[in-house]
Amino acid sequence: MPALHDLGYRSLFAHPELVRELITDFTSFKLLDEVALSAFERVNPAYVSEHLSARQDDIVWRVRVGQQFLYVYILLECQSGVDRWMALRMQTYIGLLYQDLVKRHELSPGLLLPPVLPLVFYNGSPHWSASTELAGLLMQAPAELAAFQPTQRYVLIDQQRLDRTALEANASLLALLFRLELSLFPDVSTKVLPALATWFKEAPQASLRRSVQVWVNGLLARATGNSGLFMVDSAQEDADMGDKLATWAEQLEEIGFQKGFALAEKAKEDGKAEGKAEGQVIALRGMLGSLLRSRFGDLPAPAAQRIARATQAELEQWFERSLSTPSLQAVFDDGAAST
């Protein structure tokens, strides 16, 4: 069974809008920028051969560009390790796709195979070290055989290594969801969730809204270990998203807490001072935010932003002040406006 987060991404990329955003915003290819969504057609990738079982986790779209079709093959590698043999896998899967097209008589009038854009979407923590082309996996052939060796390349989208500045400047839904996964509280609360709330108010498609809910619930379920969070009631499609977003904010804050302490503990075990400091800062931000909200109510955006940018020394100082000061302004106590 696919992991919960894999299912969340499969739900997202079941929509042509997000497939087009993935290609236009996160690869160098521009050929689909102006292609209408009506030109996208989902393809069932469950190809079965004598030696390979059905591929259930991949996503394949057929797109009409001008007078011909091209295929987009998306292979999801969510929170998994690096597969050294990815280029070989991709060649195999595209070969199965071509065999299926021949079997179903779905070729062009000239009986030619269509072009394929092979994408690997990866959001695991280890750096992707696998070769992005099959040539990197082959022994060097004698010169007279070199022209006969197989070739296959794929495009890697490594979510964890995306440029954060460019991501924040991108207003697309997919960029917003990537920021949600990559951000830590309070950045999520002050920047990402308000933008997501605006999107929910304006989103015309109930099915896409529902897929976003499935994705967020999958993210929370994976982070908390609570698989029950992944369930989405059909009634939620038209429910008040304000309450839902508030619940997500609370859960994401708790995840930030846990992640900060986990980083600190891991660094302590490994003896890595830099990682330990990072974990402590994350934990301090979460604890300070919770304490201030319990004393003074919801934090205004300027105060939350100051916490998000603060150093460990500043956070420790503000935490001590917050235990006894009579106002939010007094916590920061440097003459800067906090409300």
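Every number in this text was worked out from the coordinates using simple rules, so none of it is lab data. Computed from a predicted structure; not experimentally measured.
Assorted remarks:
- Sorting the Cα pairs of segment 51-166 by distance into bins of 5 Å, from 0 upward, gives 2, 10, 18, 19, 18, 15, 11, 6, 2, 0 percent per bin.
- Where N is the number of residues in segment 103-161, Cα Rg divided by 2.2 N^0.38 Å: 1.59
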